[in-house]
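Enquirer: Take a look at the following structure, please.
Readers should treat all values here as calculations from the given coordinates under stated rules, not as data from a laboratory. Remember, it's a predicted structure, so these values are computed and weren't measured experimentally. Cβ sites come from the backbone with ideal geometry, for glycine too, and all protein chains shown count toward neighbours.
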Amino acid sequence: MLIVQNLRELGMKPVDLTRLMGVNPGTTSKLINGKCRLSVQMSLRLSAALRLPETYWLDMMVRAERERIGLMLDRIKAESHKTLPVFRQTELIMA
């Protein structure tokens with residue numbers, strides 16, 4: 001939705017974005033509808049086409065990846081608590 005918002009603010013249409021980015025209309029459609037992951041190269045093209053700082057989309061990609069990894073780590077921690085045995089302190093002392 002951010003891409004659509006940026007297009008509107010600039011008075012552009014998807015066809016304009018397609019031309020400026022040098023991609024096919026299908027790629028533009030996937031980007032606009034969030035149907036593909038944004039690559040570094042595509043993020044730089046998108047930033048240039050929408051007159052945004054180069055790091056605009058890259059920063060979003062990093063935040064999304066951190067969130068994805070954080071959720072994955074939370075799931076792993078939750079699973080490890082279920083499967084790892086819990087020892088009482090006296091059980092850890094070896095004779």
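Enquirer: What is the gain in length, in nm to one decimal, between residue 52 and residue 2 on full extension, counting 0.36 nm per residue of separation less the C-alpha to C-alpha distance?
Expert: 16.8 nm
Enquirer: Per 0.36 nm of contour for each residue apart, how much would the distance between residue 9 and residue 29 grow if the chain were fully extended, relative to their Cα-Cα spacing?
Expert: Gain on extension, residue 9 to residue 29, equals 5.4 nm.
Enquirer: Calculate the dipole size of the range 1-71 relative to its Cα centre from +1 charges on Lys and Arg beta carbons and -1 charges on Asp and Glu beta carbons; express the result in debye to the nearest 20.
Expert: 200
Enquirer: Ranking request for peptides 40-49, 19-28: highest mean number of other beta-carbon atoms within 10 Å first, then the rest in descending order.
Expert: 40-49, 19-28
Enquirer: Using a Förster distance of 22 angstrom, determine the FRET efficiency expected from the C-beta separation of residue 39 and residue 73, and round it to 0.05.
Expert: Between residue 39 and residue 73 the formula returns 0.35.
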